[in-house]
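Scroll down for the structure; my scribbles are underneath it.
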Amino acid sequence: MPTARTRPDPRKLSADEEELFHAFYLMRRGFDRTLDAQLQRDDGISISELEVLMALVRSPGRRLRVRDLVALTGWEKSRVSHQVTRMAGRGLVERQDCAEDRRASWIQLTGDGRRVVVRALPEHTKTIRRILYDAITPEQQETLLEISQRMTAAMEAALDAAGADCPEATTD
């Protein structure tokens, strides 16, 4: 059993931990950048725009309230608002008044936004397949899935613990 003298300092990473963190960080950032670059090059949209468009495509009536987009993306409300404003300026989405709550608004997918998604998905999916699935074995995919789920649960628990001290308002 480790003693106080031999127990690792929780405020520092060992050399092996630092190597793992750095490799994971480079992989995560590189994956995001590769997907974003492919979408920018082929379709003139960002990965953030695709994330909003996909949330709308999957929603009933192809519309969501801002607070629902905040929940689905995990972004700050201000980031969602700015993103939606830029996308509305490009004709990908539009804001609509919410009859049920005058303080809220709906974000509606436009025909142009839907066409962008339909055009972007085949090449985007090919890029995901090439970078993620083709690069590792089926066994590694299963392991990565388990690791991803465990890390996501740990992050959610950490956010829940932090959120207990500072609840966010739900009005959009």
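The values are calculated or read from the model by the stated rules, or taken from the named source; none is laboratory data. Computed from a predicted model, the values in this text were never measured in an experiment. For neighbour counting, all protein chains shown are included, and Cβ atoms are generated from backbone atoms with ideal geometry for every residue, glycine included. Each accessible area value is taken on the protein alone, full model and side chains, heavy atoms only, with ligands, DNA and RNA left out. Shrake-Rupley method; radii C 1.70, N 1.55, O 1.52, S 1.80 Å.
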- Message: Just to be sure I understand, how many residues within the range 65-82 are closer than 26 Å to Thr127 by Cβ and surrounded by 15 or more Cβ atoms within 10 Å (Cβ to Cβ)?
- Response: 5
- Candidate set: the range 49-58, residues that are of a type outside the set (A, V, I, L, M, F, W, C) and open to solvent by 20 Å² or more (accessible area, probe 1.4 Å); chosen: the one farthest from Val116 (Cα to Cα): Arg58
- Considering only the range 16-35, state which residues are open to solvent by less than 100 Å² (accessible area, probe 1.4 Å) and aromatic (Phe, Trp, Tyr). Phe24, Tyr25, Phe31
- Message: Being open to solvent by 20 Å² or more (accessible area, probe 1.4 Å), at positive phi and touching an Asp or Glu at 6+ places or on another chain (Cβ under 6 Å) is true for just one of Gly91, Gly44, Gly61. Which residue is that?
- Response: Gly91
- Message: Here are the criteria: (1) over 30 Å from Gly163 (Cα atoms); (2) in contact (Cβ under 8 Å) with a residue 24 or more places away in the chain. Tell me which single one Ile107 does not satisfy.
- Response: (1)
- Any chance the range 158-168 includes a residue that's part of a helix (DSSP H, G or I) and at pLDDT 95 or above? no
- Task: Read through the list (1) in contact with a Ser or Thr (Cβ under 8 Å, 6 or more places away or on another chain); (2) among the basic types (Lys, Arg); (3) within 23 Å of Ile128 (Cα to Cα), then give the number of the only condition that Arg58 fails.
- Result: (1)
- Message: I need the full set of residues from the range 129-157 which are of a type outside the set (A, V, I, L, M, F, W, C) and either in contact with a His (Cβ under 7 Å, 6 or more places away or on another chain) or modelled with pLDDT under 95 (or both), in order please.
- Response: Thr152, Glu156
- Task: Restricting attention to the range 29-48, report how many residues are touching a residue at least 60 places away in the same chain (Cβ under 8 Å) and assigned to a helix (DSSP H, G or I).
- Result: 7
- Query: Any chance the range 107-128 includes a residue that's modelled with pLDDT under 95 and either of a type in the set (Ser, Thr, Tyr) or open to solvent by 60 Å² or more (accessible area, probe 1.4 Å) (or both)?
  - Reply: no
- Message: Go through the range 129-141 and report how many residues are open to solvent by 60 Å² or more (accessible area, probe 1.4 Å) and within 26 Å of Glu49 (Cβ to Cβ).
- Response: 6
